[in-house]
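> This is the structure I want to talk about, given as structure tokens.
Quick note: the coordinates plus some simple rules give every number you see, no bench work behind them. Not measured: the values here are computed from a predicted model. In this analysis, Cβ positions are derived from the backbone assuming ideal geometry, glycine residues included, and neighbour counts consider all displayed protein chains.
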Amino acid sequence: MPTAVESSNNATLERRLSNLTVQSMENFCTVKGIAGISDLKKKELIEAVIQRANPEDIEEFLSAHEADYLMESFRKAVKWGKSDLLVHISGDSTMQEFRAEFNGLDVGLRRVFYIDFRNIDDSRKIRTACECDDSQGRGLFCPHQMAVLLRALAEKKFKLKSWKGPMTSELRNSILALFPDA
Ligand SMILES: [Zn+2]
């Protein structure tokens, strides 16, 4: 019987794995020599990966996918960044309570996203959320939040070194290439 910590780790892993396609999980299993998974439904496939793959391999696999998603968000946000109306940062935003609105109409999206970079219970952590499915349903740092982050750095509302949200060295280098004094 798994302990409470193991159960909660597994729930997190399940959620992160569920963001991946069946195809990429099948590829992972093939590379790692996990057999007999070809007819499994997505949920069963996720369970098989958790039960049979090496935890470090799973972490590496997930981190690589999440880093790719982050760079994809960055590329979209940079493209959108050309429109000044897209991201509006609320005038009373501070490092502790940072509010911005992403107006997707400018890029042909029909929704308006409200994004809070809000410090909830720990001054060392900045929490972020967006109303889109990638953020709410999948727990990802979506392109809308990335667009807000880039605008905040461009307007010097944030310093990059204060940022405690999702980051990779590739993303950091790309941001610094855009804003060398961020
Ligand atoms: Zn979003």
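> What is the Cα centroid distance between the stretch 33-61 and the stretch 164-180, reported in whole angstrom?
Their Cα centres are 31 Å away from one another.
> If R₀ is 25 angstrom, what is the calculated FRET efficiency for the pair Asp57 and Ala4, using the beta carbon separation as r and rounding to 0.05?
0.55
> Further, regarding this structure: From the phi of every residue in the stretch 57-67, what ³J(HN,Hα) in whole Hz does the Karplus formula 6.51 cos²θ - 1.76 cosθ + 1.60 yield, where θ is phi - 60° and glycine or proline is x?
5, 4, 4, 5, 4, 5, 4, 5, 5, 5, 5
> So how do Phe102, Phe113 line up by other beta-carbon neighbours within 10 Å, fewest first?
Phe113, Phe102
> Taking other Cβ within 10 Å of each residue's Cβ, how do Asp181, Asp68 sort, fewest first?
Taking fewest neighbouring Cβ atoms as first place, the list is Asp181, Asp68.
> Testing the spin-label approximation: label points 7 Å from Cα along Cα→Cβ at Asn173 and Glu72. State their distance in nm.
Label-label distance for Asn173 and Glu72, simple model: 2.1 nm.
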